[in-house]
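*Asks:* One structure, pasted below without further comment.
The values are calculated or read from the model by the stated rules, or taken from the named source; none is laboratory data. All figures in this text were calculated on a predicted structure; none of them were measured in a lab. We place every Cβ from the backbone using ideal geometry, glycine too, and count neighbours over all the protein chains shown.
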Amino acid sequence: MIEGLRVLVVDDEALARSRLRTLLGDCRSPAAVVAGEAANATEAMEALRRGSFDAVLLDVRMPGADGLALAQALRGTSLEPAIVFVTAHSEHAVAAFDLEAVDYLTKPVRLDRLQLALQKVERLLAARRAATGDGEQTLVIQDRGRTERVPLSEVLYFKAELKYITVRTAGRSYILDASLSDLEERHATQFLRIHRNALVARRAVRALEKHDDPEEGEGWAVRLNGIDELLAVSRRQLTAVRDALTR
C-alpha cells in the first residue's frame, strides 16, 4: 500500500508537471505520491470523479477553464480536496485564498515551500477527520440530490457495477462514483479483495463456503455478518480469503 498524501498534479505544461513529480518524490514530512496528473480543468475533474486525492497542486492559468474556476466548481462537493495553487502569477493570490486554498506557491517551486504546503494539507485533513467524530473515516456519497457521510466502519463490501461502485452496509446500498483499485489501495488494512469486482470488510467475513454461481459455475463464496447475500471468491483470491479467516 502506498504511504503518503495522494496528490493530483494539474498543469498544462508537461515540464511543470515533471518538476512537481520530482519535488513530491523528495518530500518526506509528510511524504507524498503523485496519484494522478491532468493538463486542464476537464481532465482534472474527471480524475477527481474517478479517484480519491488528498490534495491538488493546481496551476491557475490554463487553456479553457482556469484553476480558479475549477476550485470554485469543487467547493462544497464530495470531490473537494485540499487545494494548493501553483503559478507564476502572484496577482491571483487574493482570489486563491478567497477560495480557501491551503497555500499558494509561486514558480519555480522550492522543495522547502512545497513541504510546508503539504504540512498545511496534512493539518487540514486531520481537522476534517476530527470534525466527523473522533477521526473516524467516512465516505461522502451523493445520493438523489443528497450528500451523506457513511462511516467506513459500517461498510460491508464494495462491488464494481458497470461505471459505479455499490457500497453495501447492513441497512442499505449506496452508489459511489469511484475506482475499486483506489478504494483497495486506500483501505487495504480494512478491506480484502475477493474478486476482480469486489472488496469485503475483513471484520465482516464470517464464512467461506462452496457455491454454485450461475455465471462462473461451481466455486467459492464468502458469507458476511449482517447480510444474507453471498459474494463470489475468485480462484486467485481464495488463499488470501482463507488466510484472513484464520487470523
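*Asks:* Can you confirm whether R19 is closer than 20 Å to K107 by Cβ and surrounded by fewer than 18 Cβ atoms within 10 Å (Cβ to Cβ)? First the steps, then the outcome.
*Replies:* Values: closer than 20 Å to K107 by Cβ: yes; surrounded by fewer than 18 Cβ atoms within 10 Å (Cβ to Cβ): yes.
Yes: the conditions hold for R19.
*Asks:* Let me ask another. With hydrophobic (A, V, I, L, M, F, W, C), in contact (Cβ under 8 Å) with a residue 12 or more places away in the chain and farther than 18 Å from L230 by Cα as the only criterion, which of L156, L176, L199, L208 stands out?
*Replies:* Numbers: L156 fails: farther than 18 Å from L230 by Cα; L199 fails: farther than 18 Å from L230 by Cα; L208 fails: farther than 18 Å from L230 by Cα.
Unique residue meeting the criteria: L176.
The rows are residues; the columns are (1) in a helix (DSSP H, G or I); (2) of a type in the set (D, E, K, R).
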residue: I165; (1), (2): no, no
residue: L183; (1), (2): yes, no
residue: R193; (1), (2): no, yes
residue: E215; (1), (2): no, yes
residue: E218; (1), (2): no, yes
residue: D243; (1), (2): yes, yes
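*Asks:* Do any helices (runs of 4 or more DSSP H) entirely within region 1-82 hold 2 or more residues that are farther than 30 Å from R193 by Cβ and of a type in the set (K, R), and if so, which? Don't jump to the end; show me each part of the working.
*Replies:* Details: elements: 14-26, 41-50, 67-74.
Per the criteria, 14-26.
*Asks:* So, one more: Counting just the residues of region 187-218 that are among the small types (G, A, S) and at pLDDT below 90, which one comes out surrounded by the fewest Cβ atoms within 10 Å (Cβ to Cβ)?
*Replies:* Quick first cut of region 187-218, residues among the small types (G, A, S) only: 188, 198, 201, 204, 207, 217.
This time we only want the ones that are at pLDDT below 90, so: 188, 217.
Values: A188: 14, G217: 8.
Within region 187-218, the match that is surrounded by the fewest Cβ atoms within 10 Å (Cβ to Cβ) is G217.
*Asks:* If you go through region 1-12 one residue at a time, how many are over 14 Å from V56 (Cβ atoms) and either at pLDDT 95 or above or surrounded by 15 or more Cβ atoms within 10 Å (Cβ to Cβ) (or both)?
*Replies:* Taking region 1-12 and keeping what is over 14 Å from V56 (Cβ atoms), we get 1-4, 12.
Filter once more, so that each one left must be either at pLDDT 95 or above or surrounded by 15 or more Cβ atoms within 10 Å (Cβ to Cβ) (or both): 4, 12.
Number satisfying all stated conditions: 2.
*Asks:* Condition (residue is of a type in the set (S, T, N, Q), free of Cβ contacts under 8 Å to residues at least 12 places away in the same chain and at negative phi) applied to region 32-40: is it met by at least one residue?
*Replies:* At the first step, the residues of region 32-40 found to be of a type in the set (S, T, N, Q) are 40.
From the residues that got through so far, the ones that are free of Cβ contacts under 8 Å to residues at least 12 places away in the same chain too are none.
No, every residue in region 32-40 fails to be of a type in the set (S, T, N, Q), free of Cβ contacts under 8 Å to residues at least 12 places away in the same chain and at negative phi.
*Asks:* If the requirement is being modelled with pLDDT of 80 or more, out of contact with any strand residue (DSSP E or B) (no Cβ under 8 Å at 6 or more places or on another chain) and surrounded by fewer than 18 Cβ atoms within 10 Å (Cβ to Cβ), which of these qualifies: A88, A65, A95? Spell out the reasoning first.
*Replies:* Numbers: A88 fails: out of contact with any strand residue (DSSP E or B) (no Cβ under 8 Å at 6 or more places or on another chain); A95 fails: modelled with pLDDT of 80 or more.
Answer to the check: A65.
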